[in-house]
Amino acid sequence: MSEKAIVLSTTARKQLRHYHSATQLRADTWHRLEQYTSKLADRHARKADIAKFSKAVEDAFSILEPMETYTAFPSLSDFELLWKLYHREDYPALARVVARIVRALSSHTYRRYHIDLNAEMSQEEDDNQLSDPTGSQVNVRPYFELLVVDDINRAEIARLRQGLRDMRRPEDKFIYDLVVVPSFEDALIATLFNHNIQACVIRYGFPFRSVHQLDILQRLLSQFDDHEAEEQPDSDRGPLLGRMIADLRPELDLYLVTDVAVEEIAGDVTQFFRRIFYRQEDYLELHLSILRGVALRYETPFFSALRKYSRQPTGVFHALPISRGKSVTKSHWIRDMVDFYGISIFLAETSATSGGLDSLLQPHGPIKKAQQLAARAFGAKQTFFSTNGTSTSNKIVVQALVRPRDIVLVDRDCHKSHHYGMMLSGAHVSYLDSYPLDEYSMYGAVPLEEIKKRLLHFRSIGELHRVKMLLLTNCTFDGVVYNVERVMEECLAIKPDLIFLWDEAWFAFACCTPTYRMRTAMGASKRLQNRYRTDEYRKKYKAYSNKIARLDPKDTEALLNLELMPDPDLVRIRAYATHSTHKTLTSLRQGSMMHVYDQDFHKVEAAFHEAFMTHTSTSPNYQILASLDVGRRQVELEGYELVQKQLELAMALRERVAKNPLLSKYFTILLAKDMVPAQYRKSGIDAYYDPDTGWRNTNMEEAWSQDDFVVDPSRLTLYVGKTGIDGDTFKNEYLMDKYGIQINKTSRNTVLFMTNIGTTRSSVAYLIGVLVKIAAEIEENMETMSSAERKIHDKKVQGLTHDLPPLPDFSHFHPAFCPDGKPESLNGDIRKAYFLAYDEEQYEYLRIDDGSIEAEQARGREVVSSSFVIPYPPGFPILVPGQVISADILEFMRALDVKEIHGYREELGLSVFTEEAMAQLVAKPGVASLEEEIAKLEAKVATLTEPEVVAKAK
Ligand SMILES: Cc1ncc(COP(=O)(O)O)c(C=O)c1O
């Protein structure tokens, strides 16, 4: 390897600044290098061009050389060959070798072959080899790279590589190559940069600093506070490095090779290593351990069981005629179904729960194992699969944990499944309002202050013991993400056994990278539990409790301004997360998971089981279950890579819209500052991208580590207000009808584009192309408008950019649905209202467009909704049963120009409870709900002593 310091030309330095990701820089630089070397190889190249392209080649080498020290292909000696050819001015050979490398990298053939760049190969031979996936040289086994951290010389590296190569056996399931790095920093860079790494061997002493100074790689290190490691002697760094790698990529298998007695290594770090070797020289043991580690992640118990089952001959003498395709293949009329799906799906259709398969309702075999593996992958203590979407998972979790009359704090704009869940469980709901983004007709998320205020309110009215759960959406449809750790911490300080249900329907992928992971329910729960165990926390808590003892507990303002800390002796971490695996990871539609991190799960396990039974079909779809199992494998083996790539593409999309003059004239992609008000961004970071300075992933990390709310940059909210076209029309008439682009969420003046792990560079390019066409069409229309048309257009733009109706807050429940008839208690019995509306006599319809509701209100009547009213968009209920209709809500409804409003019948109006129904309930508040009566009696009984109970019973 060349020892040259990196001296880049101004152009190259400018180019570098714009890169968010080192991976993208690597790919682009190789492609550029291919162009430069082919220019150099041109026999007719002019002298001036030779000079120009030589400098460009050197720049590219200087960027790539340090990068390639973290990858197995091209190797260090491959790079030496490039320099040799360059110095020899053998440009044609150089161009050929570079082209081979580029092809091998972009087609991933280096995973299947050993690519010998020294071998002279004609273009044709090379093409044949590269494009022949069935050739005898081909390795069809999955490939990965092993990171070895050891400060050893070239000869020793070669010996190690050969030693491990010699261990290969034909029956090995995987094949791997080696990347050896010499320092602590290099190991961290390699872990973050090289997606192929699946296992890491940390050997004897190694220095701290990396010798490479490439800024984009150094930036990867900026997230670490690694003072501790720097100060340690070289020989002690291994365990700490293991802990840090485990934090970054917990899926990797770590092996420690040590020359001190294993017992001398601090107990708590050994948990991060799959195995600790003492002066490992036995290559076979190491090799087998490495393969076994990866095999454990590769394993898919249920998918494999289903595949095996589908190959067995069986006779079906029960239901499911489609099983084994029998009813289809025999048919004269529906055989095209087999043509379309292939036979395997039918072979795997069975209702058997034995013979190697398992029952979702009572799993003991492969489903149980698959769920355990999923728990490991997502950082949960337990995981449960669901085959009916997160809509069902949400209901299961709520029903398992909440009893009638328990209070649940719920963000009002959460998914409708929660509102139905509240109704089913009989919870008393206390709705929390998210901060509104009136300008874009969408909500953000619930500020921590609101949540604390509500909990303190319940404490002040003596009802905190009834508060069971806080239910929030993380992240929201639009990508607003909570500071989960802080929310949990401060709420637990007020109520140490509070249960959290984090609806992460849109956030399953977040477990795959460290920045995202820190804002997931499971990630935060683990950190909190670890923190409360430490002496350091106890010390801090002691100082804090002295401070808080001096405060008046009724001084809400003071408590709101303080960062509250839970008592480590009382706190229980009880968090649940629901994932629509199918939304962001590989899974068939409806595949969903419930993840549990509950220190008291043993207390609710039976109830959880019952709730699971209540909502789960006795015929769960096996294809969905198998896809959840496979999706989990993918998370553990390539989730990190896929999410990084997704992010890169999302960033590229943002950049293209911001930089294209025509696009930026009509469209804007909203930034963190647009979606999160300044008071919730302590970091002061407005955006992760700046058109002048490029992408700053350090910005993202900084904001994500401290702000109250952040925006998931993989979701892109495109503001279309300036086009004069509303979100719904833009979606249907422009994106869908004209260009076949599917999106899901719109607001009045925005459309949401979501990238996912399946997004490709070409799909991003297609979208950009479509946006350019739409912008050009609008531009063309504008130029040919008459003045009257222009006025209409301007009015539309004005309507979409200025005159937006403010989003309404939750009004309140009618006293008839509140405990003791008091709406100021801020919780209501949604179930009572829901079932009251089963009786036709109890409700009537009032129109919103003829002033009839206002007329009733003017008479002093509280007009109460008897149903859910859910407009799409925004897709959450603006009215729930029992809620009083306010002027703000009416104004908002009238301003809505969407066609789809569930629970609202345009010809009839809103369904509201009759005045008599309300009057009757208020007059006899006690009898309307049997549960309320029972709960009151129970509370009374609880205050009696045993002899008193016996006496009363007599
Ligand atoms: C926040 C949220 N939770 C839950 C769900 C329901 O998920 P599923 O479609 O998997 O039933 C959705 C669906 O869009 C959602 O947006």
Can you go through ALA505, ALA524 and tell me which one is within 16 Å of the ligand (Cβ to nearest atom) and either in contact (Cβ under 8 Å) with a residue 40 or more places away in the chain or hydrophobic (A, V, I, L, M, F, W, C) (or both)?
ALA505
Pick from segment 190-225, criterion aliphatic (A, V, I, L, M) and assigned to a loop (DSSP other than H, G, I, E, B), ranking: least open to solvent (accessible area, probe 1.4 Å):
LEU214
Given ARG654, ARG633, which one is in a helix (DSSP H, G or I), in contact (Cβ under 8 Å) with a residue 60 or more places away in the chain and in contact with a Ser or Thr (Cβ under 8 Å, 6 or more places away or on another chain)?
ARG633
For segment 324-397, which helices (runs of 4 or more DSSP H) that fit wholly inside it have 2 or more residues that are within 16 Å of the ligand (Cβ to nearest atom), open to solvent by less than 50 Å² (accessible area, probe 1.4 Å) and small (Gly, Ala, Ser)?
none
Name the pairs: first residue in segment 144-160 and among the β-branched types (Val, Ile, Thr), second residue part of a helix (DSSP H, G or I), Cβ to Cβ under 7 Å, at least 6 apart or on different chains?
VAL148/LEU160; VAL149/ALA187; VAL149/LEU241
Looking only at segment 688-712, and only at residues there that are modelled with pLDDT of 90 or more and outside any helix (DSSP H, G or I), the one that is surrounded by the fewest Cβ atoms within 10 Å (Cβ to Cβ):
ASP708
Quick check on my filter: what residues within segment 28-68 are of a type in the set (A, V, I, L, M, F, W, C) and more than 19 Å from HIS212 (Cβ to Cβ)?
LEU40, ALA41, ALA45, ALA48, ILE50, ALA51, PHE53, ALA56, VAL57
Given the criteria in contact with a helix residue (DSSP H, G or I) (Cβ under 7 Å, 6 or more places away or on another chain), basic (Lys, Arg) and open to solvent by 10 Å² or more (accessible area, probe 1.4 Å), does ARG894 qualify?
no
Whether any residue in segment 790-802 is open to solvent by less than 60 Å² (accessible area, probe 1.4 Å), assigned to a loop (DSSP other than H, G, I, E, B) and of a type outside the set (Asp, Glu) is what I want to check.
no
In segment 74-95, how many residues are under 26 Å from ARG761 (Cα atoms) and either open to solvent by 20 Å² or more (accessible area, probe 1.4 Å) or touching a Cys at 6+ places or on another chain (Cβ under 7 Å) (or both)?
0
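Residue-wise test of (1) within 21 Å of HIS418 (Cα to Cα); (2) open to solvent by 10 Å² or more (accessible area, probe 1.4 Å); (3) not basic (Lys, Arg).
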position	(1), (2), (3)
LEU836	yes, yes, yes
TYR845	no, yes, yes
ILE853	no, no, yes
VAL863	no, no, yes
GLN883	yes, no, yes
Would you confirm whether or not segment 226-235 contains a residue that is among the acidic types (Asp, Glu), within 18 Å of THR71 (Cα to Cα) and either at pLDDT below 85 or surrounded by 18 or more Cβ atoms within 10 Å (Cβ to Cβ) (or both)?
no
Verdict on HIS428 being more than 30 Å from GLY356 (Cβ to Cβ), buried (at least 24 other Cβ atoms within 10 Å of the Cβ) and either more than 16 Å from the ligand (Cβ to nearest atom) or β-branched (Val, Ile, Thr) (or both):
yes
Suppose the filter is open to solvent by less than 70 Å² (accessible area, probe 1.4 Å) and assigned to a helix (DSSP H, G or I); does LEU256 pass it?
no
Subset of segment 518-545, residues over 30 Å from THR383 (Cα atoms) and among the basic types (Lys, Arg), comes to ARG538, LYS539, LYS540, LYS542
Would you tally the residues in segment 20-40 being in contact (Cβ under 8 Å) with a residue 24 or more places away in the chain and open to solvent by 30 Å² or more (accessible area, probe 1.4 Å)?
9
Among residues of segment 586-602 being surrounded by 12 or more Cβ atoms within 10 Å (Cβ to Cβ) and more than 16 Å from the ligand (Cβ to nearest atom), the residue nearest to ARG574 (Cα to Cα) is ASP598
Give the residue, chosen from PRO819, PRO805, PRO815, that is in contact (Cβ under 8 Å) with a residue 40 or more places away in the chain and in contact with a Gly (Cβ under 8 Å, 6 or more places away or on another chain).
PRO815
Hey, can you tell me all the residues within segment 449-465 that are open to solvent by 20 Å² or more (accessible area, probe 1.4 Å) and either in a helix (DSSP H, G or I) or within 16 Å of the ligand (Cβ to nearest atom) (or both)?
GLU449, GLU450, LYS453, ARG454, HIS457, ARG459, SER460, LEU464, HIS465
Which residue out of ARG531, ARG538, ARG550, ARG574 is closer than 23 Å to ILE451 by Cβ, open to solvent by 70 Å² or more (accessible area, probe 1.4 Å) and away from the ligand (no atom under 15 Å from the Cβ)?
ARG531
Candidates ALA493, ALA543 - the one that is over 32 Å from the mean Cα position of the chain (by Cα) and over 29 Å from ARG632 (Cβ atoms)
ALA543
Do the conditions hold for ALA400, that is, is it more than 15 Å from the ligand (Cβ to nearest atom) and within 30 Å of TYR622 (Cβ to Cβ)?
yes
Candidate set from segment 396-441 (those that are in contact with a strand residue (DSSP E or B) (Cβ under 7 Å, 6 or more places away or on another chain), over 27 Å from PRO815 (Cβ atoms) and aliphatic (A, V, I, L, M)); member that is modelled with the lowest pLDDT:
LEU437
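The values are calculated or read from the model by the stated rules, or taken from the named source; none is laboratory data. Remember, predicted model here, so these are calculated numbers, not experimental data. Methodologically, a virtual Cβ is constructed for each residue, glycine included, from the backbone with ideal geometry; neighbour enumeration extends over all protein chains shown. Note: accessible area is taken over every heavy atom of the protein model, side chains too, but ligands, DNA and RNA are not part of it. Shrake-Rupley method; radii C 1.70, N 1.55, O 1.52, S 1.80 Å.
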